[in-house]
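Here the structure is laid out as structure tokens; the discussion comes afterwards.
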Amino acid sequence: MSNITGTRGKLILIEGLDRTGKTTQCNLISSRLNYKYYKFPNRETPIGQIINSYLTKQVSDIPLSDQSVHLLFSSNRWEFQNEIKTALLNGQNIIVDRYIYSGIAYSVAKNVAGMDYNWCSACDRGLIKPDLTVFLINDGNFDNHGFGDELYEKHEFQVKVSQVFMDIFYKQENKDYISNHFKQLDVSGMNIEEVYSNIESIVDSFTIKDLNLLLF
Ligand code: TMP
């Protein structure tokens, strides 16, 4: 579906924990609704390749600190800003699979001294903010079943990440965003098509109110 105003595209973000089906849904939205699809981290760029080595626990000559890992993820988002901006201004709708909120949630969940919300969000300031964020949750009974071998795919860590996501979304400074640009969807017990039809109706019924791009 093309953008409703005819002047710029919508930027829709799908966020959520590992294994909540974000990538499957983004692929469906991209192919069925003609949205351009961006996934973060993008593991193809040189920065993305370092992130991939980190996530897949490949031995590196240079051990990465948690701070530098965080900045690499942020940098990976900045790599695509001009491209995303141009596409939106050309009227192209965009779907993004993980973005700033994953960046903050996974890093804050590590509980490293000094890496609080303010520190972790600072490097993303100025990035284009999604017009709508759809946050996928399950019933909280996720376990190690279905997780892969990547660094963060551990039950205990995912519980922490889930708490930090909630803390972020319900922060006072994010109140306006939550009221107007945010939908939480509990996908527990739903199959792929059921999740898709929920997301499609959320996306379809959402119209952009501000013709300027939103910025973090
Ligand atoms: P993926 O499984 O969606 O490819 O994401 C890879 C992992 O990277 C996932 O566990 C979430 C994590 N992540 C961060 O830690 N920081 C970020 O900024 C992003 C986008 C993802």
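The values are calculated or read from the model by the stated rules, or taken from the named source; none is laboratory data. Treat the numbers as computed from the prediction; the structure is a model and nothing was measured. With ideal geometry, Cβ positions are generated from the backbone for all residues, glycine too; neighbour counts draw on all protein chains shown.
How many of the residues in segment 50-66 are among the polar types (S, T, N, Q) and within 13 Å of the ligand (Cβ to nearest atom)? So that I can check it myself, show each step before the final result.
Step one: list which residues in segment 50-66 are among the polar types (S, T, N, Q), which gives 52-53, 56, 58, 60, 65.
Pick out the ones that are also within 13 Å of the ligand (Cβ to nearest atom) and you get 52-53, 56.
Going through segment 50-66 one residue at a time, the tally reaches 3.
Residues are listed down the side, and each one gets a yes or a no for (1) farther than 21 Å from Ile104 by Cα; (2) among the small types (Gly, Ala, Ser); (3) away from the ligand (no atom under 16 Å from the Cβ); (4) touching a Cys at 6+ places or on another chain (Cβ under 7 Å):
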| position | (1), (2), (3), (4) |
| --- | --- |
| Glu153 | no, no, no, no |
| Gln163 | no, no, no, no |
| Met166 | no, no, yes, no |
| Phe182 | no, no, yes, no |
| Ser188 | yes, yes, yes, no |
| Ile202 | yes, no, yes, no |
| Phe206 | yes, no, yes, no |
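I want to confirm something. Restricting to segment 184-216 and keeping residues that are crowded, with 17+ Cβ neighbours inside 10 Å and free of Cβ contacts under 8 Å to residues at least 60 places away in the same chain, which single residue is farthest from Ile14 (Cα to Cα)?
Asn198
Those residues that are surrounded by 14 or more Cβ atoms within 10 Å (Cβ to Cβ), in contact (Cβ under 8 Å) with a residue 24 or more places away in the chain and of a type outside the set (Phe, Trp, Tyr), I need them from segment 44-65; list them, please.
Thr45, Ile47, Gly48, Ile51, Leu55
Within the bounds of segment 2-11, is there any residue that is within 16 Å of the ligand (Cβ to nearest atom) and either among the aliphatic types (A, V, I, L, M) or modelled with pLDDT of 95 or more (or both)? Walk me through how you get there before you give the answer.
Of segment 2-11, the ones within 16 Å of the ligand (Cβ to nearest atom) are 11.
Next, only the ones that are either among the aliphatic types (A, V, I, L, M) or modelled with pLDDT of 95 or more (or both) stay: 11.
Yes, segment 2-11 contains a residue that is within 16 Å of the ligand (Cβ to nearest atom) and either among the aliphatic types (A, V, I, L, M) or modelled with pLDDT of 95 or more (or both).
If a residue has to be surrounded by 17 or more Cβ atoms within 10 Å (Cβ to Cβ), under 17 Å from the mean Cα position of the chain (by Cα) and either more than 13 Å from the ligand (Cβ to nearest atom) or among the small types (Gly, Ala, Ser) (or both) to count, how many in segment 76-105 make the cut?
Number of matching residues: 7.
Test Arg125 against the criterion of being charged (D, E, K, R), over 14 Å from Arg19 (Cβ atoms), within 15 Å of the ligand (Cβ to nearest atom) and touching a strand residue (DSSP E or B) at 6+ places or on another chain (Cβ under 9 Å), and give yes or no. Break it down into steps so the answer makes sense when it comes.
Working: charged (D, E, K, R): yes; over 14 Å from Arg19 (Cβ atoms): yes; within 15 Å of the ligand (Cβ to nearest atom): yes; touching a strand residue (DSSP E or B) at 6+ places or on another chain (Cβ under 9 Å): yes.
Spelling it out, Arg125 is indeed charged (D, E, K, R), over 14 Å from Arg19 (Cβ atoms), within 15 Å of the ligand (Cβ to nearest atom) and touching a strand residue (DSSP E or B) at 6+ places or on another chain (Cβ under 9 Å).
Tell me which of these Glu83 doesn't satisfy, since it passes every other one: (1) more than 21 Å from Phe206 (Cα to Cα); (2) touching a helix residue (DSSP H, G or I) at 6+ places or on another chain (Cβ under 8 Å); (3) acidic (Asp, Glu).
Against the list (1) more than 21 Å from Phe206 (Cα to Cα); (2) touching a helix residue (DSSP H, G or I) at 6+ places or on another chain (Cβ under 8 Å); (3) acidic (Asp, Glu), Glu83 comes up short only on (2).
Just one of the numbered conditions (1) in contact with a helix residue (DSSP H, G or I) (Cβ under 9 Å, 6 or more places away or on another chain); (2) under 30 Å from Gly189 (Cβ atoms) is not true of Thr45; which one?
It fails just one condition, (2).
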